[in-house]
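*Asks:* The following block contains the structure, expressed as structure tokens.
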Amino acid sequence: MNRQRFQVIAVASLLAVLGAVVPLVISLRLSWSQSVAQQQQQLHTLALRALQRTGSTLADIRATLDALNALQAAPCSREHVARMRALVVEASPVLEAGYFDGGRLVCNSWGRNERPLIPAAPAFTTADGLDVALGIRPMINPQTPMMAFRSGRYDVLVPPSSLADIVIAEHVAVLLTSHGKVVATLHHPEAELAERLDGLPAAGLTERSVYALARQGEWTAVATAPRSDLAAGFRHLAWLLVPAGAGVAALLVAAVVLLSRRRLSPLGELKRAVRRREFLVHYQPVIDMRDGVCVGAEALVRWRREDGTLVSPDNFIPLAEQSGLIMPITDQVIERVVHDLNRALVADRTLHIAINLCAADLQSGRVLDVIARTLEHTGIQTAQIWLEATERGFMDHHAALQTIGRARAQGHMVAIDDFGTGYSSLKYLQHLPLDALKIDKSFVDPLDDEKDACAITSHIIDIARTLGLSTVAEGVETERQAQRLRAQGVEYAQGWLFSRPLPADAFLDYVRENRRRYPPPAG
Ligand code: C2E
Ligand code: CA
Ligand code: CA
């Protein structure tokens, strides 16, 4: 596996894992935060109900105290005590009423105090002026601490629970405070909550509980439930949200798999290579057989992959032709040639570069405009750019004829490539306005045979001569082949005997060395 494939697979796997995990984690987190929010909403409602209860109980207490203060009977007389008791019985939360004289409790709704009591100091005063003392032990039933509310000469004792007395489930607890003091509790709320109440937000979570609070004036009610309560709500929501998360996860994973497969497909890789301009050009010198002078080169495309490996055209040109990617590749080759050899071509007008055209290029003629545009302002002459067209390009004879005509009108030389290997019929070949014929390597190979030269090769050379075309032999590897080609009048050749295809710099060195060996005739 090459490094690039490995990277794609590694990145895709990572994305797939993220794609699978992230939606699930999000759906679980959502389930959790939703279940917390729902629970807090319910607790807030309970806290509000507790405060309503506080309000109505305080109103009852205020009314009872007003009625007591309005009594006309002689203090602590039988009648006075009886009236007090009647009012106590009438007001539901009140258990006992007391009458003060000279700062001492002298009698209450049960009778006269033999030893008058000094009342407990008030813990706070309510907004409408009632002094409130906490933890008072009544004469009857002293085990249960009471609250005392005092106004004028009277006070009333009230069980603290009556201020927050609402119906709640066993595991829920309520805490009521005023002026920083815990006034009443239902079902044992968490003790630390009461201590930290001042700075608490309206709803939250502690280590053990979930809570929500409501405030009204000086009163604050907090409703709490154990954290374990959240589990049920969480499970319920998770049943709804996790399948949705799993669905999203499956979609994301499928998308990653699909995209990475597309990216890893040969076509996906080739598309990317075109986008990233990963093509470069090697130049194979073309030699004049008569004097050994290098007259130019054939531009042969190479795909340099990200990891530096060079891919030969046979491995991607067929796919590029099928998919239409060959056109942008041809464009990149043209740009490359100009970029690599602009100076050399301007300095030496005898040099030419042959560019391979694909069938589509030949049929549309589009490539001629691309070349014309690219050569603008470079100083390179159109005659220095040869075009090689294979027989496949001539299938649409009419279009090929037009493009070749235009190419020659612009000044290009046009050669037929791989001649003899395709479908071309001699009949229409003679109507194509060509300049040169390239003798395919498969007809050059047999020339190395010790005994006989290949008859077809001679035949092809004859055809070229008859049609008035120059000949270029391809794939010349041995001196024997070169000699036989030369003997038959072939003018140009390229092949490993002279040079392999070279990177631009090496090709320029080759030309320099060739010019030193075969100096051009003076003048
Ligand atoms: P081609 O146009 O027939 O190019 C000649 C091929 O023969 C080149 O292969 C060249 O490296 C190879 N060759 C040259 N001399 C010798 C030799 O002495 N011995 C042997 N064994 N081989 C030799 P390459 O570079 O692999 O190109 C293969 C084919 O890819 C080319 O065949 C051409 O049809 C196509 N091609 C190359 N560049 C382009 C391009 O820019 N555009 C298009 N459309 N096709 C291209
Ligand atoms: Ca060629
Ligand atoms: Ca060829």
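*Asks:* Just the residues that are in contact with a Gly (Cβ under 9 Å, 6 or more places away or on another chain) and away from ligand 2 (no atom under 16 Å from the Cβ), please, taken from region 479-498.
*Replies:* 481, 482
*Asks:* Exposed (fewer than 14 other Cβ atoms within 10 Å of the Cβ), farther than 30 Å from residue 20 by Cα and without any contact (Cβ under 8 Å) to a residue 60 or more places away in the chain - does that describe any residue in region 288-301?
*Replies:* To start, the set of residues in region 288-301 that are exposed (fewer than 14 other Cβ atoms within 10 Å of the Cβ) comprises 290-292.
Those still in the list that are farther than 30 Å from residue 20 by Cα too: 290-292.
Then drop every residue that is not without any contact (Cβ under 8 Å) to a residue 60 or more places away in the chain, which leaves none.
There is no residue in region 288-301 that is exposed (fewer than 14 other Cβ atoms within 10 Å of the Cβ), farther than 30 Å from residue 20 by Cα and without any contact (Cβ under 8 Å) to a residue 60 or more places away in the chain.
*Asks:* From the list 466, 478, 471, which residue is in the same structural domain as residue 374 (by TED's automatic domain parsing), over 25 Å from residue 280 (Cβ atoms), of a type in the set (S, T, N, Q) and open to solvent by less than 20 Å² (accessible area, probe 1.4 Å)?
*Replies:* Going through 466, 478, 471 in turn, the sole match is 471.
Conditions tested, residue by residue: (1) within 36 Å of the chain's Cα centre (by Cα); (2) closer than 26 Å to residue 44 by Cβ.
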| site | (1), (2) |
| --- | --- |
| 160 | no, yes |
| 164 | no, yes |
| 173 | no, yes |
| 180 | no, yes |
| 217 | no, yes |
| 227 | yes, yes |
| 244 | yes, no |
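*Asks:* Determine which member of the set 196, 215 is open to solvent by 70 Å² or more (accessible area, probe 1.4 Å), in the same structural domain as residue 161 (by TED's automatic domain parsing) and part of a strand (DSSP E or B). Reasoning before the result, please.
*Replies:* Numbers: 196 fails: part of a strand (DSSP E or B).
Residue meeting the stated conditions: 215.
*Asks:* OK, next. What is the residue count in region 439-483 for residues that are assigned to a loop (DSSP other than H, G, I, E, B) and among the aliphatic types (A, V, I, L, M)? Talk me through it step by step, then tell me what you get.
*Replies:* First pass over region 439-483, keeping only residues assigned to a loop (DSSP other than H, G, I, E, B): 440, 449-454, 468-469, 474-478.
Checking which are among the aliphatic types (A, V, I, L, M) leaves us with 453, 469, 476.
Of the residues in region 439-483, 3 are assigned to a loop (DSSP other than H, G, I, E, B) and among the aliphatic types (A, V, I, L, M).
*Asks:* Condition check: in a helix (DSSP H, G or I) and within 16 Å of ligand 1 (Cβ to nearest atom). Does residue 402 satisfy that?
*Replies:* no
*Asks:* With the condition kept exactly as written, say whether any residue in region 426-438 is of a type in the set (Ser, Thr, Tyr) and either surrounded by 14 or more Cβ atoms within 10 Å (Cβ to Cβ) or assigned to a loop (DSSP other than H, G, I, E, B) (or both).
*Replies:* First pass over region 426-438, keeping only residues of a type in the set (Ser, Thr, Tyr): 428.
Those left that are additionally either surrounded by 14 or more Cβ atoms within 10 Å (Cβ to Cβ) or assigned to a loop (DSSP other than H, G, I, E, B) (or both): none.
Within region 426-438 (the criterion being of a type in the set (Ser, Thr, Tyr) and either surrounded by 14 or more Cβ atoms within 10 Å (Cβ to Cβ) or assigned to a loop (DSSP other than H, G, I, E, B) (or both)), the answer is no, since none of the residues qualifies.
*Asks:* On to the next question. Pairs please, first residue from region 371-400 and closer than 18 Å to residue 472 by Cβ and without any contact (Cβ under 8 Å) to a residue 24 or more places away in the chain, second anywhere and open to solvent by less than 50 Å² (accessible area, probe 1.4 Å) and within 15 Å of ligand 1 (Cβ to nearest atom), Cβ atoms under 7 Å, 6+ apart in sequence or on different chains.
*Replies:* Partner pairs satisfying both residue conditions: none exist.
*Asks:* For region 44-97, how many residues are open to solvent by 20 Å² or more (accessible area, probe 1.4 Å), of a type in the set (D, E, K, R) and touching a Pro at 6+ places or on another chain (Cβ under 8 Å)?
*Replies:* Summing the residues that are open to solvent by 20 Å² or more (accessible area, probe 1.4 Å), of a type in the set (D, E, K, R) and touching a Pro at 6+ places or on another chain (Cβ under 8 Å) in region 44-97 gives 1.
*Asks:* Give the residues of region 439-452 that are away from ligand 3 (no atom under 15 Å from the Cβ) and surrounded by 17 or more Cβ atoms within 10 Å (Cβ to Cβ), sorted by residue number. Write out each step before concluding.
*Replies:* Initially, region 439-452 is screened for residues away from ligand 3 (no atom under 15 Å from the Cβ), giving 446-452.
Within region 439-452, 447 is the sole residue that qualifies.
Residue-wise test of (1) touching a residue at least 24 places away in the same chain (Cβ under 8 Å); (2) in contact with a helix residue (DSSP H, G or I) (Cβ under 7 Å, 6 or more places away or on another chain); (3) assigned to a helix (DSSP H, G or I).
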| site | (1), (2), (3) |
| --- | --- |
| 246 | yes, yes, yes |
| 251 | no, no, yes |
| 256 | yes, yes, yes |
| 284 | yes, no, no |
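The values are calculated or read from the model by the stated rules, or taken from the named source; none is laboratory data. Since the structure is predicted, the reported quantities are computational estimates derived from the model, not experimental observations. A quick note on method: Cβ atoms are made from the backbone with ideal geometry, for glycine too, and the neighbour counts reach across all protein chains shown. Heads up: the accessible areas ignore ligands, DNA and RNA and are worked out on the full protein's heavy atoms, side chains in. Shrake-Rupley method; radii C 1.70, N 1.55, O 1.52, S 1.80 Å.
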